[in-house]
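The values are calculated or read from the model by the stated rules, or taken from the named source; none is laboratory data. Computed from a predicted structure; not experimentally measured. For neighbour counting, all protein chains shown are included, and Cβ atoms are generated from backbone atoms with ideal geometry for every residue, glycine included. For the accessible areas, the whole protein counts, side chains as well, though only heavy atoms, and no ligand, DNA or RNA atoms are used. Shrake-Rupley method; radii C 1.70, N 1.55, O 1.52, S 1.80 Å.
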Amino acid sequence: MDATLGQGRSVGPLDARPDVGPARLESVDGVRTLWADQTSLRPGPPRAGLVLRMGTVDEPLVLRGVGHLLERLAVGAGPDARPSPVGTTTTTFEFQGRPDELVRAFDALTRRLRDPAVPGFREHREALRTQAATRTGSVGESMLARRYGARSFGAGPQGELGLPALSLGSLTSWAAWFAARGNAVLWMTCPPPIGLRLHLPEGPARALPAATNTFLQHTPAWVTGPDEAVAVSAVVPRGPGVEALVHVLRNRLDHELRARWGAVVPPSVTVEPLTAEHSFLLLLGVLPDGLSAARRAEAVEFVLDLLPALGGRPGSSAPVSSTELAAFAAEVRWKAGRPEGAVDLLGAAAARLLVGLDPGPALAPESTLDAVEVATVAELARQAAATALAMVPAGLEPDAGSQAWAPAASVAFAPMAADAPGESFPHLEKPEIELRLTAEGLVLGPDDPLTFPVAGTDVVQSWDDGRRVIVLADANRVAVEPNVWARGAELVAGIDRLWPADLVVRMGARRAGEAPAQPAVPVAVAAASTPPVSPKVSRRSAALLEGAPDESDYEYDREAYEREPQDARMSPWAAFWWAALGSCVVLSLLLMAKPLSIEGVSLAPILRGLAVFCALGVYANWKAGQQNRR
């Protein structure tokens, strides 16, 4: 590669696929610019994208959402802006238009990135808060959080917790840090137009954290998840063999799950680059409905055993084959021949440049096929199996066996003494559960206690009405509602004194009705009237605190927990029967004063019969309610 990048422009050719066009690497205002002239190869106006090495991996929880807000304020310029959501490691601003339109688009974009103090800051921030409140996470995000906690590659799944307190000053500082010349790459499907300017400040490339730094004590490990799915994630070295492994895994999963277990939803196998050295591999299979317990267990075992089998585990009858690799090579060549494939290649090459890798393999993927051998893919499968984290339905947890599976456990900070002395605050409806505030943090117990140390906290969300949510570095969290704990105001005041102010994000006021009402039953009476707590509650009693990011992760008897509030109010069926009974009685009394008949048939006996029927309905509903209370 002949390219010397400095001030002004220095042109150098790059090896690329012939149908991509002559790819070149230049410098435009100090920003590396990768372009291939496709004006004669593809219809429509040229496309271009500015890629920043800025993602959720860079955001501490107290500032989580700052990159999304910067992206939101910066876009809006250009003929056909295609804003990309902030990814794990990069953010892309893409446009399509005539060369003169692209000049204007990138002029406006880079000016806003350099100085994001534009009108509508508060409005955009509140719009993103509303959007974030309705967003649901994916299985891949959940697996990243299980592996990395709430930091680095696990920060994205935690939600944009820092948005409410973001100031224009913190946004401007963030932009100056990440929207810099050395931290950006521009790609274009046409030569850089005359007059193109990129108004980014001087600044170096920003490093990524190591993908091997996780909170997991050991791998392979497993966690429980939804009943209908099984997933396996792993961290593997980057390289052309990873795409081949993805191809083999996808075909094996699709064929076996359909043929042997009748799966309807196709499986998903994806790989996402994390750093210059490692990628994140994710397998997801959806189990079909109607399978027996034994058949479900067989399907889960097959998915968990697939990586060790491909790695050539002793006794395995299904290692990677040369036939599968030949099919992979044919697929690569087919994708390379699509007209729209060139844009994807330029974007991938730009992303490689951002982390210091040669863009050549992305521009000419066929050139790497010779390096993909059976032994290479088998070794990647073995490494993936060694770093595997699986998510399986409850009750279908894997045995240790040769794969040495074990329940996932994390270590993110020094352990906190669960039996340390402190002030106790019982739950008003479940007094057998208490929060104890100690000098080190918060303990939820007393059975099988869960600890939330100050030293392991990444952020504390604080609402005006007293609600507090404490999020730890390992992604565990606890939500404290003062209305549901004895002496809740004292508990909240103690939390505010103990946790440092620089970890607090002010969330403002909640909407009317969002805060739970304080239970009217005194603690002593509640202890006698509350239904028995499921034994599973003691292990995951944090679910009662409304702080669970995904309720499917917590094992508790929802039916027993939600039954109690029903006793205090009339059910819809009871209201119907009472209304019908009252109507019949009133009409019967009116007919006694003024008889009414239709074609000689008196209505009074009919109404009396309906009244008796409605009375029976009221009685049956009352009996059902009594049985439910018992």
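Taking every residue in the range 238-266 that is over 19 Å from ALA329 (Cβ atoms) and open to solvent by less than 80 Å² (accessible area, probe 1.4 Å) and pairing it with any residue that is of a type in the set (Asp, Glu) and in a helix (DSSP H, G or I), at least 6 positions away or on another chain, the pairs with Cβ-Cβ distances below 7 Å are PRO266/ASP254. Applying a threshold of 7 Å to beta carbon distances and a minimum spacing of six or more residues, or different chains, the list of pairs starting in the range 90-106 at a residue that is closer than 18 Å to VAL185 by Cα and ending at one that is open to solvent by less than 40 Å² (accessible area, probe 1.4 Å) and β-branched (Val, Ile, Thr) reads THR90/VAL51; THR92/VAL51; PHE93/VAL75. For the range 267-291, filtering for residues that are at pLDDT 90 or above, part of a loop (DSSP other than H, G, I, E, B) and open to solvent by 50 Å² or more (accessible area, probe 1.4 Å) leaves 1.
Scanning for something on the phi < 0 side of the Ramachandran plot, open to solvent by 70 Å² or more (accessible area, probe 1.4 Å) and touching a Leu at 6+ places or on another chain (Cβ under 9 Å), does the range 414-426 turn up at least one residue? The answer is yes; a qualifying residue exists. If the condition is being among the aromatic types (Phe, Trp, Tyr) and open to solvent by less than 20 Å² (accessible area, probe 1.4 Å), then the range 118-164 contributes TYR148, PHE153.
Please go through the range 179-196 and give me each residue that is of a type outside the set (Val, Ile, Thr) and either farther than 18 Å from GLN38 by Cβ or assigned to a strand (DSSP E or B) (or both), ordered by number.
ALA179, ALA180, ARG181, GLY182, ASN183, ALA184, LEU186, TRP187, MET188, GLY195 - these are the residues of the range 179-196 that are of a type outside the set (Val, Ile, Thr) and either farther than 18 Å from GLN38 by Cβ or assigned to a strand (DSSP E or B) (or both).
Return the residue satisfying two criteria in turn: it lies in the range 165-175 and is open to solvent by 10 Å² or more (accessible area, probe 1.4 Å) and at pLDDT 90 or above, and of such residues it is farthest from VAL103 (Cα to Cα). The extreme case among them is SER167.
Conditions (1) assigned to a loop (DSSP other than H, G, I, E, B); (2) at pLDDT below 90; (3) β-branched (Val, Ile, Thr), marked per residue:
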| position | (1), (2), (3) |
| --- | --- |
| TRP177 | no, no, no |
| PRO204 | yes, no, no |
| ALA234 | no, no, no |
| VAL242 | no, no, yes |
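Yes/no matrix, rows are residues, columns are (1) at pLDDT 85 or above; (2) part of a helix (DSSP H, G or I):
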site	(1), (2)
PRO116	yes, no
ARG122	yes, yes
ALA127	yes, yes
ARG135	no, no
GLU141	yes, yes
ALA145	yes, yes
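Rundown of residues vs (1) among the hydrophobic types (A, V, I, L, M, F, W, C); (2) part of a helix (DSSP H, G or I); (3) open to solvent by 20 Å² or more (accessible area, probe 1.4 Å); (4) at pLDDT 90 or above, yes/no style:
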{"residue": "THR376", "(1), (2), (3), (4)": "no, yes, yes, yes"}
{"residue": "ARG382", "(1), (2), (3), (4)": "no, yes, yes, yes"}
{"residue": "MET391", "(1), (2), (3), (4)": "yes, no, no, yes"}
{"residue": "PRO398", "(1), (2), (3), (4)": "no, no, yes, no"}
{"residue": "GLN403", "(1), (2), (3), (4)": "no, no, yes, no"}
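Which residue is surrounded by the most Cβ atoms within 10 Å (Cβ to Cβ), if the candidates are limited to the range 307-343 and must be of a type in the set (Ser, Thr, Tyr) and at pLDDT 70 or above? In this case the residue turns out to be SER321. Criterion applied to ALA3, ALA48, ALA81, ALA77 was being more than 21 Å from ALA276 (Cβ to Cβ), at pLDDT below 90 and in contact with a Leu (Cβ under 6 Å, 6 or more places away or on another chain), and the one residue passing it is ALA77. Tell me whether the range 84-99 contains one or more residues that are part of a helix (DSSP H, G or I) and open to solvent by less than 10 Å² (accessible area, probe 1.4 Å). The answer is no; no qualifying residue exists.
Among the residues making up the range 181-212, those that are of a type outside the set (A, V, I, L, M) and closer than 19 Å to GLY140 by Cβ are PRO209, THR212. For the range 107-128, the tally of residues that are without any contact (Cβ under 8 Å) to a residue 60 or more places away in the chain and in contact with a strand residue (DSSP E or B) (Cβ under 9 Å, 6 or more places away or on another chain) stands at 1.
Exactly one residue out of ASP465, ASP448, ASP474, ASP458 is open to solvent by 10 Å² or more (accessible area, probe 1.4 Å), assigned to a strand (DSSP E or B) and in contact (Cβ under 8 Å) with a residue 24 or more places away in the chain: that is ASP458.
Criterion first (within 18 Å of LEU63 (Cα to Cα), over 22 Å from the mean Cα position of the chain (by Cα) and among the β-branched types (Val, Ile, Thr)) does VAL504 satisfy it? Yes; evaluated as a whole, the condition is true for this residue.
Is there a residue in the range 375-386 that is within 29 Å of the chain's Cα centre (by Cα) and polar (S, T, N, Q)? Looking for residues that are within 29 Å of the chain's Cα centre (by Cα) and polar (S, T, N, Q), one finds at least one in the range 375-386, hence yes. Selection over the range 206-230 of residues that are among the hydrophobic types (A, V, I, L, M, F, W, C) and outside any loop (DSSP other than H, G, I, E, B) gives a count of 6.
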